[in-house]
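The values are calculated or read from the model by the stated rules, or taken from the named source; none is laboratory data. It should be emphasised that the depicted structure is a prediction, and the values quoted were computed from it without experimental measurement. Please note: Cβ atoms are built from the backbone with ideal geometry, for glycine as well, and neighbour counts cover all protein chains shown. To get the accessible areas, we keep the full protein, side chains included, count just its heavy atoms, and leave off ligands, DNA and RNA. Shrake-Rupley method; radii C 1.70, N 1.55, O 1.52, S 1.80 Å.
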Amino acid sequence: MMKLLKYGFVVFLPNPIKIFLYNKFFGWEIDKTAKIGLSFISAKKVKMGAHSKIRHLNVIRNVELLQMGESASIGNMNAITALPLGRKTHFQDEIDRAPALILGDHSAIVKNHFFDCNNTIEIGHHSIVAGHRTSFFTHSINVESNRQETKKITIGDYCMIGAHSVVTRGAILPDCSILAANSTLHKPHDKTHSLYSGVPAVAVKELNPESKFFHREKGFVA
């Protein structure tokens, strides 16, 4: 309850006061041009670059680090959660576990997505988690050892992830690639400029390296 009170009261304050309090008393590093809507944020460290945005009704819980580059954005109604470090019920053998969400410059998470950040999820610059209801899971059960295990998820630069997709622990989407809607990315891939599709996702089409999406300077697509 005290934790909810500690973070919750700040949610309803005007943006400049909110940023001042977060920086002054929580030790966060939020640029004065950043904007934070009506969202609950419980994190050990938050870093937000110039013109970055967190919109309304997001729940961000128990991550060690939330880092957003310049003009990166998190839209409405996303859930970003983790088990705190030191929890004795899970992941006891993973001494280097790093619960974090890292967004590169001009990257975007749109609306109503789920991020299990029990290990790091890193999304490169100018990449988009588009549509809605995509889920990222950095942990799962190893049936051979009967233990919960985590692994980092990496999304490259200039990538796009379609709606209703699933991305599981250890997955890598290479730079300048697209994950089609309703696909499951479950392992590392290395072929750039590709369309990945299916369950499990495989490279099904080469993409034109000269496509404007892969060369835009700003993340927003009109």
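Of the residues in region 134-142, at least one is out of contact with any Lys or Arg (no Cβ under 8 Å at 6 or more places or on another chain) and of a type in the set (S, T, Y).
For the structure I just gave you, tell me whether V46 is in contact (Cβ under 8 Å) with a residue 40 or more places away in the chain and either open to solvent by less than 40 Å² (accessible area, probe 1.4 Å) or more than 15 Å from F114 (Cα to Cα) (or both).
Numbers: in contact (Cβ under 8 Å) with a residue 40 or more places away in the chain: no; either open to solvent by less than 40 Å² (accessible area, probe 1.4 Å) or more than 15 Å from F114 (Cα to Cα) (or both): yes.
It is false that V46 is in contact (Cβ under 8 Å) with a residue 40 or more places away in the chain and either open to solvent by less than 40 Å² (accessible area, probe 1.4 Å) or more than 15 Å from F114 (Cα to Cα) (or both).
For a quick check of your reading: which strands (runs of 3 or more DSSP E) sit entirely within region 113-222 and have at least 2 residues that are out of contact with any Gly (no Cβ under 9 Å at 6 or more places or on another chain) and within 22 Å of T89 (Cβ to Cβ)? Outline the logic, then answer.
Working: elements: 114-116, 121-123, 128-132, 135-137, 139-142, 147-150, 153-155, 166-168, 194-197, 202-206.
Qualifying strands (runs of 3 or more DSSP E): 114-116, 135-137, 139-142, 147-150.
The one condition from (1) of a type in the set (G, A, S); (2) farther than 26 Å from I128 by Cβ; (3) open to solvent by less than 10 Å² (accessible area, probe 1.4 Å) that S52 does not meet is (2).
The C-beta contact set for region 145-164 (first residue farther than 16 Å from P188 by Cα, second residue assigned to a loop (DSSP other than H, G, I, E, B) and of a type in the set (K, R), distance under 6 angstrom, 6+ apart or interchain) comprises H164/R133. Within region 177-222, being within 30 Å of I141 (Cβ to Cβ) and touching a Lys or Arg at 6+ places or on another chain (Cβ under 6 Å) holds for one residue alone: A203. When R87 is tested against (1) open to solvent by 30 Å² or more (accessible area, probe 1.4 Å); (2) over 19 Å from I128 (Cα atoms); (3) within 21 Å of the chain's Cα centre (by Cα), just one condition goes unmet, and that condition is (3). Among R169, R216, which is at pLDDT 95 or above, basic (K, R) and surrounded by 16 or more Cβ atoms within 10 Å (Cβ to Cβ)? The unique qualifying residue is R169.
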